[in-house]
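Structure first, commentary second.
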Amino acid sequence: MQHSFEINSASGSYNAMVGADIFGDSVGRILEKKPADKVFLLIDENVESHHGDYIINTLKSSHCDVEVKIVPQGEGSKSVPFWEEASTFLLENGVRRNTPLFVAGGGVTGDLGGFVAATTLRGIPLVHIPTTLLAMVDSSIGGKTGINHHTGKNLIGAFYRPDSVVADIRFLDTLPRNEWINGLSEILKYGAISDNAIFDDAEIFLQADISSGNADTLINLIAKCIRIKADIVQKDEFEGNIRAFLNFGHTFAHALEKECGFNAMSHGEAVFLGMLAAARLSNQTGSKLHENRLDKFRPLYSYRVTAEELNAESLTHHMRADKKRIENHIRFVLLDDWQHPVLKTVKDEELIYQAWRTVFSELQNRQKATI
Ligand code: GLY
């Protein structure tokens, strides 16, 4: 089973593919269409240790030299110094305007590699090989690239269209549990803002072993998410309006990540808590969301942070510092109803504090559940 999407952007269209064991054929087709005697590969160090030989040999089988740069694990690689190091590697090893850069890894490697491709020689061809669930359903689609600055996350970057995205679920076999959770939260986000059926499909995550035996369901689910994201970014590539819906739960999540530190709270945990808070805030500002479709996924999440370590004032302060804030009051993606996202500015801070209390009680409940 395999799905293929043509995604339009201001600078041309690109193809995104998802399937099992599609990497070899897809790379063959990409390099047949645009032959190259040399390609560059930026590859996450974990992915390199599990799949490096396979990826490099597959690229070499298209009769090209492969120059490989390993990207150390962690957010630290999405930095100005590592962007310079990777760019230097390309420039010192003969990159030309038509030399493709293949980028294999999760969100960090993808964002960094995309920015290297966008900036080297004012732009070279980019092929994303997302190897995490999050990268497959979210970060590899839509052309956002960038690195962090010491004043904040993702503050330096560019919109840059990839040539192709190849999402092969064979790479998910070695994915650690926290990475499945990171992907799941983004998948549930698509359920909340766009497609109720995703909540049913995502029940495969409630089973002990997600990938084995569920390949087709997983591929279909990833494809649904890519389709939703593609529809949104085609209508609003540069986030003038509806692309912001993809940030459902993320205003709360970014504040949690900032307050707790990225090691104490994963992105997926923060986004799940953020969606619970956003659902509560939706109801406090006039919506009537009955049955919380996120409920059945609660047992999948466990947290290393306790409610006692957090306070609503400080978390709200972090929200104010968000780079996407365009006015004095904080603007949220809320739900008029499930699958009906809306952008709302909330002026009454007490409502925001109450939404934080939903997060605190979830942390308490989950702690009790695991004692
Ligand atoms: N991850 C949100 C976006 O790509 O806009």
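The values are calculated or read from the model by the stated rules, or taken from the named source; none is laboratory data. Nothing here was measured: the structure is a model prediction, and the numbers come from that model. Quick reminder, even Gly has a Cβ in these numbers, built from the backbone with ideal geometry, and neighbours come from all protein chains shown.
Scan the stretch 70-81 residue by residue and report those that are free of Cβ contacts under 8 Å to residues at least 60 places away in the same chain and either over 24 Å from residue 37 (Cα atoms) or out of contact with any strand residue (DSSP E or B) (no Cβ under 9 Å at 6 or more places or on another chain) (or both).
Of everything in the stretch 70-81, those that are free of Cβ contacts under 8 Å to residues at least 60 places away in the same chain and either over 24 Å from residue 37 (Cα atoms) or out of contact with any strand residue (DSSP E or B) (no Cβ under 9 Å at 6 or more places or on another chain) (or both) turn out to be 72, 73, 74, 76, 77, 81.
With the checklist (1) under 14 Å from the mean Cα position of the chain (by Cα); (2) away from the ligand (no atom under 16 Å from the Cβ) in hand, flag the one item residue 248 doesn't pass.
Every listed condition holds for residue 248 apart from (2).
Among 268, 274, 286, 240, which is the only one that is free of Cβ contacts under 8 Å to residues at least 12 places away in the same chain and within 16 Å of the ligand (Cβ to nearest atom)? Show your work before the answer.
Numbers: 268 fails: free of Cβ contacts under 8 Å to residues at least 12 places away in the same chain; 274 fails: free of Cβ contacts under 8 Å to residues at least 12 places away in the same chain; 286 fails: within 16 Å of the ligand (Cβ to nearest atom).
The conditions single out 240.
Return the only residue of 320, 293, 298, 325 being farther than 22 Å from residue 350 by Cα and modelled with pLDDT under 95.
Within the list 320, 293, 298, 325, the selection yields 293.
Any idea which of 80, 39, 103, 68 is in contact with a helix residue (DSSP H, G or I) (Cβ under 7 Å, 6 or more places away or on another chain) and surrounded by fewer than 19 Cβ atoms within 10 Å (Cβ to Cβ)?
Checking each option against the conditions leaves just 68.
A quick yes/no check of all residues on (1) buried (at least 19 other Cβ atoms within 10 Å of the Cβ); (2) under 30 Å from residue 20 (Cα atoms):
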residue	(1), (2)
220	no, yes
225	yes, yes
229	yes, yes
247	yes, yes
269	yes, yes
275	yes, no
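I'd like the full set of residues that are buried (at least 20 other Cβ atoms within 10 Å of the Cβ) and among the aliphatic types (A, V, I, L, M), limited to the stretch 277-293.
277, 278, 279, 281
Please note which strands (runs of 3 or more DSSP E) are completely contained in the stretch 87-152 and include at least 1 residues that are within 16 Å of the ligand (Cβ to nearest atom), of a type outside the set (A, V, I, L, M, F, W, C) and without any contact (Cβ under 8 Å) to a residue 60 or more places away in the chain.
Per the criteria, 126-130, 144-149.
Every residue in the stretch 206-225 that is touching a strand residue (DSSP E or B) at 6+ places or on another chain (Cβ under 9 Å) and within 12 Å of the ligand (Cβ to nearest atom), please.
Hits for the stretch 206-225: nothing passes.
Restricting attention to the stretch 340-357, report how many residues are buried (at least 18 other Cβ atoms within 10 Å of the Cβ) and in a helix (DSSP H, G or I).
The qualifying residues number 3.
Take residue 42 and tell me if it is part of a helix (DSSP H, G or I) and among the aliphatic types (A, V, I, L, M).
Here the answer is no, as residue 42 does not meet what is asked.
When only residues in the stretch 42-65 that are free of Cβ contacts under 8 Å to residues at least 24 places away in the same chain and small (Gly, Ala, Ser) count, which is surrounded by the fewest Cβ atoms within 10 Å (Cβ to Cβ)?
Out of the qualifying residues, it is 49.
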